[in-house]
Each structure stands twice: as structure tokens, then as C-alpha cells.
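Read the structure below first, then the notes.
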Amino acid sequence: MNITLSPEQVKLIEAQLALGQFSSPEEVITKALQTLTQTRQHYWEWVEEVRSSVEEAEAELSRGEGIPLETAIEQLQEKFRKAREVHG
């Protein structure tokens, strides 16, 4: 497969080569594709975790295990206040 890189893409590859971490443009592209693959995998894992959490929350609510929205907001605000105190 032959591809044409934009001038900006060439500059990015050249910058990586200049840092000395890669010995060829092919290595830069291989690493970029590996990183893309890992990022997409992590994204889909996150999506599945969120989906599972939402389904669990919906089940809890249907069983009457939820808390009033006002209470949830107050709890979150308290957590943020404490985090600000700790982190200045």
C-alpha cells in the first residue's frame, strides 16, 4: 500500500525521529497505529463499563433502591468540597 502524507504528517514523523526514539518512519507509524488500536480498545472497554453501570443503576432504581436527586447532588458537592480542601 502506498500512501501520501501531508506536510504536517511528515513534520510529525520527522520530529519523532529527531527525538531518537525511533530509527525509521515505519517504526513511528507502527507505534502510532498500535497506540490508536489501544486507545480504541480502551474506549470500547470504557463504553461497556458505563453501559453496565447504567443498567445496574436502572435495576436498582426499579427495585426502589435509589436516592433522591437532591441527596445525590448534596453528596457530590460535599465530595468536591473535600477534594478542594485536600488539593488546595
Rh by Kirkwood over Cα pairs, then Stokes-Einstein D for the chain at 1.002 mPa s and 20 °C, µm²/s = 119
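Hey, what number do you get for the chain at 222 nm if only DSSP H runs of n ≥ 4 count, each worth -39500 (n - 2.57), divided across all residues, to the nearest 500? Intermediate values should be presented prior to the final figure.
Working: 3 runs with 70 residues, N = 88.
The helix contribution divided over the chain gives -28000 deg cm²/dmol.
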Among the lysines, select those whose C-alpha is under 21 Å from the C-alpha of residue 31, and discard any that sit fewer than 8 residues away in the same chain.
-> 11
Whole number please: convex hull volume per residue of the Cα set in region 1-40, in Å³?
-> 83
Taking the dipole about the Cα centre of the chain, with the C-beta of Lys and Arg at +1 and of Asp and Glu at -1, give me whichever of 83, 59, 46 is farthest to the positive side.
-> 83
When you count, for each residue, the other Cβ atoms within 10 Å and take the mean per peptide, how do 58-70, 29-41 rank with the highest first?
-> 29-41, 58-70
For the chain, what % of the accessible area comes from carbon and sulfur atoms, probe 1.4 Å?
-> 57
Rolling a 1.4 angstrom probe over the protein heavy atoms, how many square angstrom per residue are accessible across the chain?
-> 91
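The values are calculated or read from the model by the stated rules, or taken from the named source; none is laboratory data. In this text the structure is predicted, and so the values were computed from the model without any measurement. With ideal geometry, Cβ positions are generated from the backbone for all residues, glycine too; neighbour counts draw on all protein chains shown. What goes into the accessible areas is simple: the full protein's heavy atoms, side chains included, and nothing from ligands, DNA or RNA. Shrake-Rupley method; radii C 1.70, N 1.55, O 1.52, S 1.80 Å.
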